[in-house]
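Please treat every number below as a calculation from the coordinates, not as lab data. Keep in mind that what you see is a predicted model, and the values were worked out from it rather than measured. So basically every Cβ, Gly included, is an ideal-geometry build from the backbone, and we count neighbours across all protein chains shown.
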Protein chains: 2
Amino acid sequence: MSEERTEVSSLGEFGLIDHLTQNNETRNAGTILSVGDDAAVIDQFGRQTVITTDLLLEGVHFDLMYTPLRHLGYKSVVVNLSDVCAMNAIPTHITVSIGISNRFSVEALDEFYEGVYAACEKYNVDLIGGDTSSSLKGFVISITAIGEVAPDKFVTRSGAKKGDLICVSGDLGGSYLGLQMLEREKKIFLESPAVQPDLENRAYIVGRLLKPEARLDIIQWLAEKEIVPTSMIDISDGLSSELKHICQKSEVGAVVYDEKLPIHTETKEVAMEFEIDATTCALSGGEDYELLFTVPQSEYEKITLSEKISVIGYVTEASEGLHLITRQGRKHELHAQGWNALKG
Amino acid sequence: MSEERTEVSSLGEFGLIDHLTQNNETRNAGTILSVGDDAAVIDQFGRQTVITTDLLLEGVHFDLMYTPLRHLGYKSVVVNLSDVCAMNAIPTHITVSIGISNRFSVEALDEFYEGVYAACEKYNVDLIGGDTSSSLKGFVISITAIGEVAPDKFVTRSGAKKGDLICVSGDLGGSYLGLQMLEREKKIFLESPAVQPDLENRAYIVGRLLKPEARLDIIQWLAEKEIVPTSMIDISDGLSSELKHICQKSEVGAVVYDEKLPIHTETKEVAMEFEIDATTCALSGGEDYELLFTVPQSEYEKITLSEKISVIGYVTEASEGLHLITRQGRKHELHAQGWNALKG
């Protein structure tokens, strides 16, 4: 081993990926899109296949103290399907690998797989393989999802053009506040186990965290209306962070309006309860698994036909950077503070 | 969670997979082969894609005390490519996901990826994606490999017929003895750190463990000679265990001759040194990543043209079970004792 030591933390997750893949060569003509988007695209004799994979580790990505195994199985599949959808593709197959310590019983794994199968059923996806292994400690989940897309109809992060409308599906910030809620109840429980959790009227945001959905419905609606986004990404790390990815890859800037950000009433209420700004949650809270995409201005009327899609801003030149226009009309620079940053 | 508790160990790895996938439904017409072979096969408008995935965990699958990271990167890719080859397919793409604790530096990851890229180059495979994550403890590796095969030319575990010849590529048992060697040196080192490891003249078996190869050359040779195996599997758990999989799936029995088992001179020497029977190592030692396959008797002459392939026995009726004929002509029942069983 070399004597130098560079800490991984000095590069950050995206810096590390860039570093490790900087010399990656593509040898097969069928490789259309490699590392660096929500999923890869390979061409197989004219048909295009989308592939994505996610690794989920206990203690890093989930806490079994408040995550039912059924929900965990469901969510583990959904976060991968969400990446397939973010390529404008239809998910078709998954593989599921798990590493388990002897702390897990067969019954516990059955619950996890009930969630996996429920997601397969809901999204019409086939579980076609995987690997099971023992682990020394903790639960390890690795899922790969495969999808299909008509030739050259996949949508990357890099096609946004100046003047395009910035759209987002569903609402934002709920999952982050769901997490705050559960973390608070966990702390109370650890201090006084007799106290019952107080999650009444908070089903929406807790559900956003524990059982998110992939927006396949949006992909299908866009196809139906013949709208092809110029760029797309799913929101796993937070709106600001994902918008920054689109802007960097597309070499554009963006303006987003605070008042246009879709935020659920319950999210607003809980934000007030926690004395956090709801806009900050919408911008930087992650794990909403909504789709962020851009469309040409000419699609404005069609886009407004969907109640599930909000137009939140527009694409500018790269030199103009990323900005948020507040309700007071002030212009603030948008910092791509992801999930982890907010957490720490 | 339910109140019953069944230990995973009571089912074993294969029993657990059967249990968890017993109600698995296939929804997509394109799913040709699902859970239960070396890889899955999906049809994409007439072309067939093979997919396989493996999870490798530090302390379970590898020991970083004697596994150079470059070799680990190489091997992690190779074990997946070996599964693709075992379907009679050509590997084309991989995704690599890693989970790392802060004990790993960027330089350490560079070494790991050097091995990953070396395998990609050797096998003409593209790295197209993956995931990086922090882990609380240990190094987690999850790789998915994709390959292609001409329509309906994939080979499963289930096509062996009575009278077929049982063939194996390369030689067996080396990797298991390489592991014994390294475990012995580790123990000596931990007791007396000043003692230098004594691995002289043991490069072959240590190499078999640390830097195995996928037998793509065999797949290519079989294609060239127009030999289509009736069944095939790669040897990750040991010859007996893999042969048992073929017999179960094909509903046949098998006879294997001790004297026909290909064993390298160095493997024999080290087996004697450790006072282990070399045949036992060949039958039950895992991680050789050779191909075990069956061909019709009519292919006998063609098969003998390859020095890399040994004919070790023949397929019988299921009712005759699995047997080994010793050098003394005695018939012993073959028990499928895998890698882990031998290890314990």
Compactness summary of region B:97-173: radius of gyration and Dmax from Cα atoms, Å, are 18.6, 56
Here, A:ARG47 and A:GLN297, labelled 7 Å along Cα→Cβ, have an inter-label distance in nm of 4.1
Magnitude of the Cβ-charge dipole (Lys and Arg +1, Asp and Glu -1) of the protein assembly as shown about the Cα centre, nearest 20 debye, reported as 300
Per the Kirkwood formula over distinct C-alpha pairs, the hydrodynamic radius of the protein assembly as shown in angstrom is 26.8
Taking B:PHE293, B:PHE112, B:PHE189 and counting other beta carbon atoms within 10 angstrom, the fewest-first order is B:PHE189, B:PHE112, B:PHE293
Going fewest to most other Cβ atoms within 10 Å around each Cβ, B:SER9, B:SER133 line up as B:SER9, B:SER133
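Let me spell out the model: positive unit charges on the Cβ of Lys and Arg, negative unit charges on the Cβ of Asp and Glu, origin at the Cα centre of region B:181-253. What dipole size does that give, in debye rounded to 20? All intermediate terms of the calculation are to be shown ahead of the outcome.
On the way: 10 positive and 13 negative charges, 27 e Å.
Value, rounded to 20: 140 debye.
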Scattering profile of region A:281-335 from the Debye formula, Cα beads only, expressed as log10 I(q)/I(0) at q = 0.20 Å⁻¹, is -1.03
In nm², the average projected area of the convex hull spanned by the Cα atoms of region B:232-344 is 7.5
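Go through region B:1-69 and name the chymotrypsin sites (Phe, Trp or Tyr not before Pro) that are in a DSSP coil and have 13 or fewer other Cβ atoms within 10 Å of their Cβ. Before the final figure, lay out the partial values.
Values: sites: B:PHE14, B:PHE45, B:PHE62, B:TYR66; in loops: B:PHE45, B:TYR66.
Those satisfying the criteria are B:PHE45.
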Assertion target for A:ASP38, A:ASP217, B:ASP198, A:ASP171, ordered by fewest C-beta neighbours within 10 angstrom first, is B:ASP198, A:ASP217, A:ASP171, A:ASP38
Amide H proximity to B:HIS323 below 5 Å, modelled H, separation 5+ or other chain, gives B:ALA254, B:VAL255, B:VAL256, B:LEU334
Once the in-chain neighbours fewer than 8 apart are removed, the lysines whose Cα is under 21 Å from B:LYS211 read B:LYS75, B:LYS122, B:LYS186, B:LYS268, B:LYS308, B:LYS343
Spelling it out for A:ASP131: with amide H atoms placed in the peptide plane at 1.01 Å from N, the residues 5 or more places away or on another chain with amide H under 5 Å from its amide H are A:VAL96, A:SER97, A:ILE98
With R₀ set to 25 angstrom, the calculated FRET efficiency between the beta-carbons of B:LEU64 and B:GLN196, to the nearest 0.05, is 0.80
Cross-link reach from A:LYS153 to aspartates and glutamates, straight Cα distance under 13 Å and at least 8 residues apart if same chain, gives A:ASP43, A:GLU226
One finds, for B:GLU317 and A:GLU107 with R0 = 30 angstrom and r their Cβ-Cβ distance, a FRET efficiency to the nearest 0.05 of 0.15
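May I ask what percent, to the nearest 5, of DSSP beta bridges between residues of the protein assembly as shown are antiparallel?
Numbers: 96 of 122 bridges.
The antiparallel fraction comes to roughly 80 percent.
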Once amide hydrogens are built 1.01 Å from N within the peptide plane, the residues lying 5 or more places from B:ILE263 or on another chain with amide H under 5 Å from its amide H are B:LEU172
Cα-based Rg and Dmax for region B:8-149, in Å, come out at 16.4, 47
If each part is reduced to its alpha-carbon centroid, region B:142-194 and region B:45-77 end up apart, in Å, by 12
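Would you kindly state the longest site-free stretch of chain B, with sites defined as GluC sites (Glu not before Pro) in a DSSP loop (not H, G, I, E, B) surrounded by at most 13 other Cβ atoms within 10 Å? Can you show the working numbers first?
Details: sites that count: B:GLU3, B:GLU4, B:GLU25, B:GLU200, B:GLU226, B:GLU251, B:GLU275, B:GLU307.
Between exposed loop sites, the widest span is B:26-199.
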For region A:299-336 the trypsin sites (Lys or Arg not before Pro) that pass both the DSSP coil test and the at-most-16 other-Cβ-within-10 Å test are A:LYS308, A:ARG327, A:ARG330
Compactness check, chain A: C-alpha Rg relative to the 2.2 N^0.38 Å globular estimate gives 1.01
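Contour minus end-to-end for A:ARG184 and A:GLU25, with contour as 0.36 nm per residue of separation and end-to-end as the Cα-Cα distance? Before the final figure, lay out the partial values.
On the way: separation 159, 0.36 × 159 = 57.24 nm, distance 4.68 nm.
Length difference between fully extended and current span is 52.6 nm.
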Per the helix-only model, chain B has a calculated mean residue ellipticity at 222 nm (DSSP H runs of ≥4, -39500 (n - 2.57) each, divided over all residues, rounded to the nearest 500) of -10000 deg cm²/dmol
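Summing Lys, Arg as +1 and Asp, Glu as -1, what charge do residues with Cβ under 9 Å from the Cβ of B:ASP126 carry, B:ASP126 excluded?
Taking every Cβ under 9 Å from that of B:ASP126, the sum is 0.
Using +1 on the beta carbon of Lys and Arg, -1 on that of Asp and Glu, and nothing else charged, what's the dipole of region B:165-343 about the Cα centre, debye to 20?
Values: 18 positive and 30 negative charges, 36 e Å.
Magnitude of the dipole: close to 180 debye.
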Both in Å, the radius of gyration and Dmax of the C-alpha trace of region B:63-222 are 18.2, 58
In chain A, taking the dipole from +1 charges on Lys and Arg beta carbons and -1 charges on Asp and Glu beta carbons about the Cα centre, the listed residue (A:ALA318, A:ILE276, A:LEU172) farthest towards the positive end is A:ALA318
